[in-house]
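Notes for the one structure printed next.
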Amino acid sequence: MRLIWKSFRALYFSSLMMLIGSGLLSTYLALRLAADHVDGLWVGALMAAYYFGLVLGGKIGHRLIARVGHIRAYSACAGIVGAAVLGHGLIDWLPAWLVLRTVVGLGMMCQYMVIESWLNEQAETKQRGMVFSGYMIASYLGLVLGQLILVMHPALGSELLMLVALCFALCLVPVTLTRRIHPAPLHPAPMEPRFFMKRVPQSLSTVLGAGLIVGSFYGLAPLYATQQGLSTEQVGLFMGSCIFAGLVVQWPLGWLSDRYDRALLIRSFAICLAVAALPLAIMPQVPLEVLFIAGFLCSLVQFCLYPLAVAFSNDHVEGDRRVSLTAMLLVTYGIGASIGPLLAGVLMKFFGSQMLYAFFSFFALVLVWRIRPKAVTNLHQVDDAPLQHVAMPESMSSSPLVAALDPRVDEQVVQDQMQSAVSPELDPETEPGPETDLDDADPPPDHPGPESFTRARP
């Protein structure tokens with residue numbers, strides 16, 4: 001594990017800085033609008049715009065990377081995201097903020113795609129599980145640290161936007177200084193929505209519900225906490241503890257997922273979420289201790305739904321379709337996360353802040369009704385099911401290329417479906433360099449020869 005951290009620390013650091021900036025920006029915007037007494041509908045709309053940008057970036061990112069290469073695409077997107085972040089401090093017109101949030105989401109998705117494809121390019125087959133775990137830890141840790149910045153700097157001035165822009169500037173450094181050659185060009189995985197809606201309808205329902213709930217949480221939980229009377233420091237602690245719950249629960253969840261029926265687990269966790277959210281849904285004013293405990297418990301459960309749905313769907317889809325499945329799941333999640341903040345924002349505007357957790361409880365009950373374990377026990381189950389559960393990074397911090405890092409997915413299938421054959425002649429636009437680690441590269445030779453885009457295999 002220590003060797004893996006050393007080999008991939010540059011990309012992990014880039015991911016960490018990106019997520020610190022992203023997590024801080026989401027909470028800052030919600031608190032800033034709450035301080036200006038803006039309707040919760042606008043807060044939800046900003047989060048919906050961000051997820052819309054993520055979904056849009058999943059399509060545009062492939063073309064951009066194929067056109068200019070990984071390093072240039074990453075650098076351009078980081079610069080655009082940094083400029084969009086600072087734009088929030090220069091413009092007070094809310095419709096312009098919607099455009100800026102969409103740009104941030106689009107640019108960050110392209111950055112995720114570069115990092116994930118690069119991790120996959122460097123990881124040996126036997127290392128992919130550990131590399132994947134390190135990426136997940138960096139993602140969750142970044143989101144938590146982004147919230148804790150509010151504890152140390154509670155003033156909602158332009159300084160926080162500068163800190164976010166600083167994070168996106170720093171995430172550029174490890175990637176732009178590497179001497180390593182680009183990973184192979186990538187193609188988008190085919191979606192096949194009709195096939196998956198027939199084959200794994202309950203998994204897609206769970207992913208959609210998880211998107212509705214988690215997207216609303218990130219966008220509106222800071223507003224909810226503010227309306228409960230929490231200070232900026234307390235809001236940062238509340239959000240940080242809730243996101244930390246998502247990291248803590250992943251390993252116990254994997255133990256359960258490998259030993260019990262996954263459809264039954266999804267239904268059980270949905271019931272737990274409906275019950276855990278009930279006190280916050282029915283009490284207009286919640287004591288501070290109850291708020292933190294109930295919020296932590298809700299987060300423990302709500303962050304279980306997406307990884308369980310991913311594992312459950314992989315049990316019913318053949319290996320050569322699992323790359324396409326990941327793309328379908330992430331798009332479905334993005335659609336839910338775009339709609340959820342808007343719906344919850346309307347409810348909070350007209351019926352009070354407690355409607356956020358009433359929203360969670362309602363859709364958890366919908367999942368209880370929708371998931372029927374006995375109906376899918378043996379339906380379309382593939383020969384190698386059930387597959388080993390793999391802890392997944394939270395879906396606002398990954399792209400469709402995360403399938404390439406999932407050790408349950410055959411690496412050759414990823415190569416066949418998502419990488420194109422290229423000429424050994426280097427394009428003038430590419431950046432040649434020797435095959436070395438990101439952090440421990442020796443200076444390149446004066447006249448480097450042609451290199452292959454694909455990673456050399458033993």
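Computed quantities for the displayed model
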{"item": "For A364, net neighbour charge (Lys/Arg +1, Asp/Glu -1) across residues whose Cβ lies under 11 Å away", "result": "+2"}
{"item": "Cβ-placed point charges (K, R +1; D, E -1), dipole of the range 79-188 about Cα centre in debye, nearest 20", "result": "260 debye"}
{"item": "Gap separating the Cα centres of the range 316-372 and the range 261-292, nearest whole Å", "result": "16 Å"}
{"item": "Ascending count of other beta-carbon atoms within 10 Å, so fewest first, for H70, H316, H153", "result": "H153, H316, H70"}
{"item": "Estimated distance in nm for a label pair at L288 and I60, the labels positioned 7 Å out from Cα along Cα-to-Cβ", "result": "4.3 nm"}
{"item": "Efficiency of FRET between H37 and R67 - r from beta-carbon atoms, R0 41 angstrom, step 0.05", "result": "0.40"}
{"item": "Separation in nanometres of the label points that stand 7 Å from Cα toward Cβ, at D261 and S158", "result": "6.0 nm"}
{"item": "Ranked I149, I115, criterion: other C-beta atoms within 10 Å, fewest first", "result": "I149, I115"}
{"item": "Footprinting exposure proxy for C298, C242 (fewest neighbouring C-beta atoms within 10 Å first)", "result": "C242, C298"}
{"item": "Distance (nanometres) between label positions extended 7 Å along Cα→Cβ at I91 and V346", "result": "2.6 nm"}
{"item": "Euclidean distance of C-alpha centroids, the range 209-252 and the range 35-49, integer Å", "result": "16 Å"}
{"item": "HN-Hα J in Hz across the range 256-265 - Karplus 6.51, -1.76, 1.60, θ = phi - 60°, x for Gly and Pro", "result": "5, 5, 7, 10, 10, 4, 6, 5, 5, 5"}
{"item": "Extension reserve of the F296-V99 stretch, reckoned as 0.36 nm per residue once the Cα distance is removed", "result": "67.7 nm"}
{"item": "Förster radius 41 Å - calculated FRET efficiency between A76 and E318, Cβ distance, rounded to 0.05", "result": "0.65"}
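Since every read-out is calculated from the coordinates, none of them should be taken as a lab result. The structure presented is a predicted model; accordingly, all values stated were derived computationally and were not measured. Glycine also receives a Cβ, built like all others from the backbone with ideal geometry; neighbour counts cover every protein chain displayed.
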